[in-house]
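Heads up: the structure comes next, in structure tokens.
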Amino acid sequence: MLPQSQIPNPKSKIFGPTFEEMLHPHTVDPAIRARADRARVEDPLDAINLFNIHWRTPPAEGQAGAPAERPINAFVMPHALTGVDAEIALLTAKDFPTGSHKVGPAYSVLIEHYVEGLIDPARHTLVFPSTGNYGIGGAWVGRRAGFDSMVILPEGMSRERFEMIEHFGARYTKTCGSESNVKEIYDECKRLTREQPDKIVILNQFAEMGNYRFHYHVTGNTALELEQQLRAQLGTRGIAAFCSAMGSAGTIAAGDRIKQAFPDCRIVGLEPVQCPTLYNNGYGSHEIQGIGDKHVTWIHHVTNMDGLACVDDMECLRALRVFTQPEGGAALVKHYGVSEDDARAIAGIFGISGLCNLIGAIKTAKHFGLGRRDLIVTIATDTVARYHSTMQWMAEQHGPLTEAECRATVDHILRNQKTDWFKDGTPENRRQWHNLKYYTWVEQQGKTVQELNAQLDPEWWLAQQAKVAEIDRRILALRD
């Protein structure tokens, strides 16, 4: 647990950024910006770090509080590793507080509830149902905002996840199973709410539109600004595709904003081969922690998806091993001409689901025949810091990483990735994906058929997007 000095006063107001300030952190008051920049390194558990929820690079030494917009945190993959002519650019989440972008949705869901008067630090315990990164983000955000916070996640998640939740000052409850056992998480939420109805507030990432709005406005517009930057640097022309694996299906909401700017952009969702719920109503356990939760989430705009691809979990683990181990980095330099700087960068930006997104982007490039001057954007969601125990398990199962294995992994999993397990977003498939929501949200979670059918109208989603401006006004009013 946190020392008493690091626990915020529950009687004080929550002081955090607007959606627009998370998109453009240089617009924050310079004094606040300077405090947040210093705290990033000097005191990462200080609540002022809420203003470090953004996709921009940290300041160089001596530049804290500088008013100019900082570069977007992104990395363009070398063609020698992807085997495709299209450019694949990843927004990298390693410099967010907690080391994952899911802290952004956790904050956005919390602050929306707060400005609406639905939660009070003096009265409520916040519960963050999760299979990993959202729960870690909730632990960090909830405690920084002065709330008693609890995370519910499956017992089969990596050891590092539980350690980080405790480090940030929250509690956790383990449910049975692993990544795809979300139904059991929901059951525990219902139990807690039933037993403590006046105290427990569930901030459900799978249903809360604050998650959608963070990625629509902050991640989506950041991707559009990255496109302008890469257009000048690489000669690309627009964004041809946006790829994202679905856990809560928050991140894929960025595609809705991108498609408004580039109507021909393909939004491609990704699932594990081992749990292909949208692909063929499948189910099962898998090792891509953070995605493939065996249901279609409420906030997922499935009728705007242009494709669905499934990725093998062991291919992700094998590629992560190569990218993050010293032997793998050496092989990238020696056999594929990757610069030592790029090899070091690659080692520091990928976790398991980030590799899933990269493999899915390669599949997408091949499926749609994307080539030179086409740009695919995806997300490096966290880093290997959450998966050292998983990498240790891989070493125990497969032995030391060899140069031959490194080359086989890059050649077969990346450069020669197959185009199987891919479905196009036809009208029939989109309606099927939408219909799957019924079984979780109407039968189990209390939504009505009328609410479900309303999501078939594009205007429903436009109305959700339009709420960003009003929420920002209410956040600013709290400061006054």
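The values are calculated or read from the model by the stated rules, or taken from the named source; none is laboratory data. Predicted, not measured: the structure shown is a model, and the values here were computed from it. Glycine gets a Cβ as well: all are built from the backbone with ideal geometry, and neighbour counts include every protein chain shown.
Structure above, values below:
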{"quantity": "Single match in GLN228, GLN196 (criterion: without any contact (Cβ under 8 Å) to a residue 60 or more places away in the chain and surrounded by fewer than 16 Cβ atoms within 10 Å (Cβ to Cβ))", "calculated": "GLN228"}
{"quantity": "ALA249 vs. criteria in the same structural domain as ILE111 (by TED's automatic domain parsing), crowded, with 24+ Cβ neighbours inside 10 Å, modelled with pLDDT under 95 and of a type in the set (A, V, I, L, M)", "calculated": "no"}
{"quantity": "Members of segment 351-409 that are among the acidic types (Asp, Glu) and within 23 Å of LEU270 (Cβ to Cβ)", "calculated": "ASP374, ASP382"}
{"quantity": "Of residues in segment 363-414 being in contact with a strand residue (DSSP E or B) (Cβ under 7 Å, 6 or more places away or on another chain) and assigned to a helix (DSSP H, G or I), the one surrounded by the most Cβ atoms within 10 Å (Cβ to Cβ)", "calculated": "THR364"}
{"quantity": "Options GLN417, GLN444: the member that is out of contact with any strand residue (DSSP E or B) (no Cβ under 8 Å at 6 or more places or on another chain), touching a residue at least 60 places away in the same chain (Cβ under 8 Å) and either aromatic (Phe, Trp, Tyr) or not assigned by TED's automatic domain parsing to the domain that holds GLY250 (or both)", "calculated": "GLN444"}
{"quantity": "Cβ-Cβ under 9 Å pairs, at least 6 apart or on other chains, segment 175-191 side within 13 Å of GLY284 (Cβ to Cβ), far side among the small types (Gly, Ala, Ser) and at pLDDT below 85", "calculated": "GLY177/GLY156; SER178/GLY156; GLU179/GLY132; GLU179/GLY156; GLU179/GLY290; GLU179/GLY292; SER180/GLY292; ASN181/GLY156"}
{"quantity": "The listed residue being over 25 Å from ILE352 (Cβ atoms) and under 18 Å from the mean Cα position of the chain (by Cα), out of LEU110, LEU153", "calculated": "LEU110"}
{"quantity": "Failed item in (1) in contact with a strand residue (DSSP E or B) (Cβ under 9 Å, 6 or more places away or on another chain); (2) touching a residue at least 40 places away in the same chain (Cβ under 8 Å); (3) of a type in the set (Lys, Arg), with ARG213 passing the rest", "calculated": "(1)"}
{"quantity": "Lone unmet requirement of (1) within 12 Å of LEU308 (Cα to Cα); (2) in contact (Cβ under 8 Å) with a residue 12 or more places away in the chain for TYR439", "calculated": "(1)"}
{"quantity": "Residue selected from segment 37-54 under the condition part of a helix (DSSP H, G or I) and among the β-branched types (Val, Ile, Thr), by the criterion nearest to ARG143 (Cα to Cα)", "calculated": "ILE48"}
{"quantity": "Filter result (in a strand (DSSP E or B) and crowded, with 23+ Cβ neighbours inside 10 Å) within segment 72-90", "calculated": "GLU87, ILE88, ALA89, LEU90"}
